[in-house]
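The values are calculated or read from the model by the stated rules, or taken from the named source; none is laboratory data. Small disclaimer: the values here were computed from a predicted structure and weren't measured. Here Cβ is always computed from backbone atoms with ideal geometry, including for glycine, and neighbour counts include all displayed protein chains. Remember, those area values only see protein heavy atoms, side chains included, never the ligands or the DNA or RNA. Shrake-Rupley method; radii C 1.70, N 1.55, O 1.52, S 1.80 Å.
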Amino acid sequence: MKFSIQPVLENQEYKLIPLQQGDFESLYEVASDPRVWEQHPNKERYQREVFESFFRGAMESGGAFKIVEKSSGDVLGSTRFYDFDENESRIFIGYTFYGTKSWGKGINPQVKKLMLDYIFQYVDKVHFHIGKENFRSQTALERIGGKKIAEEEVAYFAEPTRTNFVYEIKKEEHS
């Protein structure tokens, strides 16, 4: 099945724009706060050299986005589609982060809805890797209908392998 895992997606407030090399500085500005990564399995991503590897992996994934607030033009964070499996009719959404000024404002559910509404035209299941200590993200996924289905070791691009939970949302359960 042919479809783009990096379209422009938008609603009235937010726009997901395919990540480009020139986005590094604006995205690193958001990512350079250690609080962004405090519950993440790889807590050192606020460091420039570690974030450079993360960004390189995002670019190589071919499915990464910067998340932009339309009214201000501010870059709020990043997310991506990855690991499409045509036989399983499944794709992952993840590597999502937001700057602290975006926390608790209902942005993530809107971004996930944009992504899910789009990708469920092409797949039946969406999976998410979430660090086993990332309680904030686990709660956020459960609020939008994610169900924990597994635990697995995830090999991050140029970073140590970490234990993650796998959450799933099925097409027929998405509203």
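Return a yes/no flag: does segment 37-55 have any residue that is among the acidic types (Asp, Glu), surrounded by fewer than 13 Cβ atoms within 10 Å (Cβ to Cβ) and touching a residue at least 40 places away in the same chain (Cβ under 8 Å). No, the conditions are met nowhere in segment 37-55. Just wondering, is there one or more residues in segment 51-68 that are touching a helix residue (DSSP H, G or I) at 6+ places or on another chain (Cβ under 8 Å), under 15 Å from residue 80 (Cβ atoms) and of a type in the set (Val, Ile, Thr)? Among the residues of segment 51-68, at least one is touching a helix residue (DSSP H, G or I) at 6+ places or on another chain (Cβ under 8 Å), under 15 Å from residue 80 (Cβ atoms) and of a type in the set (Val, Ile, Thr), which makes the answer yes. Against the test of being of a type in the set (Ser, Thr, Tyr) and either under 14 Å from the mean Cα position of the chain (by Cα) or at pLDDT below 95 (or both), the options 14, 95 yield a single qualifying residue, 95. All conditions in (1) open to solvent by less than 40 Å² (accessible area, probe 1.4 Å); (2) part of a loop (DSSP other than H, G, I, E, B) hold for residue 80, with the sole exception of (2).
The criterion of at least 2 residues that are within 25 Å of residue 102 (Cβ to Cβ) and of a type in the set (Phe, Trp, Tyr) is met, among strands (runs of 3 or more DSSP E) falling completely within segment 119-175, by 162-170. Total residues in segment 14-36 satisfying the condition of being in contact with a helix residue (DSSP H, G or I) (Cβ under 7 Å, 6 or more places away or on another chain) and either open to solvent by 50 Å² or more (accessible area, probe 1.4 Å) or hydroxyl-bearing (Ser, Thr, Tyr) (or both): the figure is 4.
Does segment 24-31 include one or more residues that are in a loop (DSSP other than H, G, I, E, B), on the phi < 0 side of the Ramachandran plot and of a type outside the set (Lys, Arg)? No, the conditions are met nowhere in segment 24-31. Selection over segment 88-135 of residues that are open to solvent by 60 Å² or more (accessible area, probe 1.4 Å), of a type outside the set (D, E, K, R) and under 18 Å from residue 36 (Cβ atoms) gives a count of 3. The residue list 82, 118, 122 contains one member that is hydroxyl-bearing (Ser, Thr, Tyr) and within 10 Å of the chain's Cα centre (by Cα), which is 82.
The condition (being at pLDDT below 95 and in contact with a helix residue (DSSP H, G or I) (Cβ under 7 Å, 6 or more places away or on another chain)) is satisfied by just one residue among 44, 133: 44.
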